[in-house]
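Report on the structure given below.
The values are calculated or read from the model by the stated rules, or taken from the named source; none is laboratory data. What you are looking at is a predicted structure, and each value in this text was computed from that prediction instead of being measured. Positions of Cβ are generated from backbone atoms using ideal geometry, with glycine treated the same way; all protein chains shown enter the neighbour counts. With ligands, DNA and RNA removed, areas are computed over all heavy atoms of the protein, side chains included. Shrake-Rupley method; radii C 1.70, N 1.55, O 1.52, S 1.80 Å.
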Amino acid sequence: MLKSLRPFALALAAAAAVPASSAMAQGEFTPGTKIASVGLLSAGNGGGTGIGGAFEFSMLELAPNLNLGIGGSVGYYSRFSVTSIPLYANGNVHLALPSVPELDLYAGLAVGVVRFSGDGVSGTSDLFIGVNLGGRYYFTPKVAGFAQLGV
């Protein structure tokens, strides 16, 4: 199972994306905020490249400048003759830095399933649990780029 998770282990690493958000000040992830993201993905370590999308909703203010968001993601990776489709739910804690209002830092957990197809793996699926750490920088109130690392 661990070997088959390797292509997805870094699937949470999204290199370039353009999120769209609802009525946000730059970097402000307060209760009620919704973020939809699409982007190019890289599984690193020879795991392939792909495309993916995500949605996150800010649920709760945990403390000043600290908010809880929940959401989900789906992706599509291809490497040689094998494709994988991860589908997962995640929860992230977002930290706002008042001194840098354009920046949204976050860390969280993910749980989901990845489905493989292709040579020798057709129809196989694996469950996974992952952790991630990322940041989003808002160029305008509705356009941002983000980077995320995960295992």
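The table that follows gives values for the structure above.
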{"item": "Of all residues in the stretch 29-56 being in a strand (DSSP E or B) and at pLDDT below 85, the one that is most open to solvent (accessible area, probe 1.4 Å)", "result": "L40"}
{"item": "Any hit, the stretch 86-105, residues being crowded, with 20+ Cβ neighbours inside 10 Å and touching a helix residue (DSSP H, G or I) at 6+ places or on another chain (Cβ under 7 Å)", "result": "yes"}
{"item": "Selected residue [buried (at least 18 other Cβ atoms within 10 Å of the Cβ), touching a strand residue (DSSP E or B) at 6+ places or on another chain (Cβ under 9 Å) and at pLDDT 90 or above] from V74, V114", "result": "V114"}
{"item": "Some residue of the stretch 105-123 being touching a Gly at 6+ places or on another chain (Cβ under 9 Å) and part of a loop (DSSP other than H, G, I, E, B)", "result": "no"}
